[in-house]
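> Shown below is the structure under consideration.
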Amino acid sequence: MEVRPADGFGAEVRGVDLRTPPSPDDAHAILRTLAAHKLLWFPDQPIDINQQEAFTRALGELGEDPFIKSVPGHPHVLELRREPDEKAPNFGAGWHSDWSFQACPPLATLLHAKVVPPVGGDTLFADCEAVFESFSPAFQTLLKGLTALHSAKLPYGRDGVYAKETEKRTMQIVTGAAAEAVQAHPLVRVHPVTGKKTVFASPVYTVGIEGMTVEEGYAILMFVFKRMEEARFIHRHKWAKDTLLMWDNRQLNHFADGGYDGHLRVMHRTTLAGDAPVGVRSSG
């Protein structure tokens, strides 16, 4: 396995054939590399849906994907598809860490490029470890003592963004009351492999701070989110067909960019199950 680090964070990985599931030792090496670099991309991997599932399963347990109908016969695979004539906003167009509202959010997300438009469609990533490290010691201390409230209600609730859509969308999204449950997680989580501290919150799924009014909580959260969007913390990934991208949801937020109206874009997505986030106080 050849690892070519990018500037800032992220790395290209070559010398691996994803058509064959890795051995336990190789799988462990890939996960260690992911923890170290936060974002990995494997170019020139013409895998099919079964091979993507097998690769994900070799790394650990497949994650659960709520609120979006999966590929028939593949309950753990989502097809992120946008047809050339679609007018609805592109899926994932907001900063988030995948399914952070779950009790045990995904460790990683794996996205494989099937059809790449000639323009647009980049995926942006924000390094939430570097964001935390950029704050003053006093502000870090404040954040470490807080508990964030996560929910899927803003996108998927009864009054959520997708419930109010009027434009046709190929992806089948399920909205309703189930999306309005709230899950508490430490605002600053400790990565179980690196031991580094990371801001674990996002504009899409974080709806407040435990024990604070909405206004108080958002005053802190919006300050964090504004910092998160600064260019120094961002990696922009430009896609190529047959690339598999894998990112650590424990360390990164991401944003799906648009700009490809009139073109087909198709991706297959799997997630790798994770553990309950552990905060600074819980970890000692």
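> Rounded to whole Hz and in sequence order, give me ³J(HN,Hα) for the range 11-17 from the Karplus expression 6.51 cos²θ - 1.76 cosθ + 1.60, θ = phi - 60°, writing x for Gly and Pro.
These are the phi-based 3J(HN,Hα) values: 7, 8, 10, 10, x, 10, 9 Hz.
> Further, regarding this structure: Counting only residues 5 or more places away or on other chains, whose amide H sits under 5 Å from the amide H of V207 once H atoms are built in the peptide plane?
The answer is L149, H150, S151.
> Pairs K87/K164; K114/K238; K38/K197; K164/K238: which are spaced more than 21 Å apart, C-alpha to C-alpha?
K164/K238
> Show me the ranking of peptides 57-63, 208-214, 23-29 by mean Cβ neighbours inside 10 Å, starting with the highest.
For the peptides 57-63, 208-214, 23-29, the packing ranking is 57-63, 208-214, 23-29.
> While we're on this one: Pop out the ³J(HN,Hα) list for the range 23-28 in order, Karplus 6.51 cos²θ - 1.76 cosθ + 1.60 with θ = phi - 60°, rounded to Hz; leave Gly and Pro as x.
Taking θ as phi minus 60°, the curve returns 5, x, 5, 5, 4, 4 Hz for the range 23-28.
> Could I ask something else about it? Whole-Hz Karplus ³J(HN,Hα) for the range 267-274, in order, using 6.51 cos²θ - 1.76 cosθ + 1.60 and θ = phi - 60°, x for Gly and Pro?
10, 10, 10, 10, 10, 9, 4, x
> GNM, the chain, Cα, under 10 Å: largest mean-square fluctuation among P203, P22, P192?
P192
> Okay, next question. List the aspartates and glutamates whose Cα lies under 13 Å from the Cα of K241, skipping any in the same chain that are fewer than 8 positions away.
In chain and number order, the partners are D44, D48, D122.
> Could you please report the charge total around A130, scoring K, R as +1 and D, E as -1 over all other residues with beta-carbon less than 12 angstrom from its beta-carbon?
Summing Lys/Arg as +1 and Asp/Glu as -1 gives +1.
> Still on this structure: Given the DSSP H assignment, sum -39500 (n - 2.57) over each helix run of at least 4 residues in the chain and divide by its residue total; what's the result at 222 nm in deg cm²/dmol, nearest 500?
-6500 deg cm²/dmol
> Sort F200, F67, F91 by Cβ crowding within 10 Å, fewest neighbours at the top.
F67, F91, F200
> Output the peptides 246-256, 112-122 sorted from most to least packed, where packing is the average of other Cβ atoms within 10 Å over each peptide's residues.
The packing order, highest mean first, is 246-256, 112-122.
> Whole Å is fine, so just give me how far the alpha carbon centre of the range 1-79 lies from that of the range 158-196.
22
> Which residues does a label at C104 reach in the range 59-95, if reach means a backbone N under 14 Å from a point 7 Å past the Cα toward the Cβ?
Within reach of a label on C104, which here means backbone N under 14 Å from a point 7 Å along Cα→Cβ, the range 59-95 contributes 60-65.
> Could you tell me what a quarter of the Cα convex hull surface of the chain works out to, in nm² with one decimal place?
Orientation-averaged projected area of the Cα hull: 14.5 nm².
> Under a 5 Å amide H to amide H cut-off, with H placed in plane at 1.01 Å, what residues pair with D122 once short-range neighbours are removed?
D257
Only the coordinates and a few stated rules stand behind these numbers; no lab work does. Remember, it's a predicted structure, so these values are computed and weren't measured experimentally. Backbone-built Cβ (ideal geometry, glycine too); neighbour counts: all protein chains shown.
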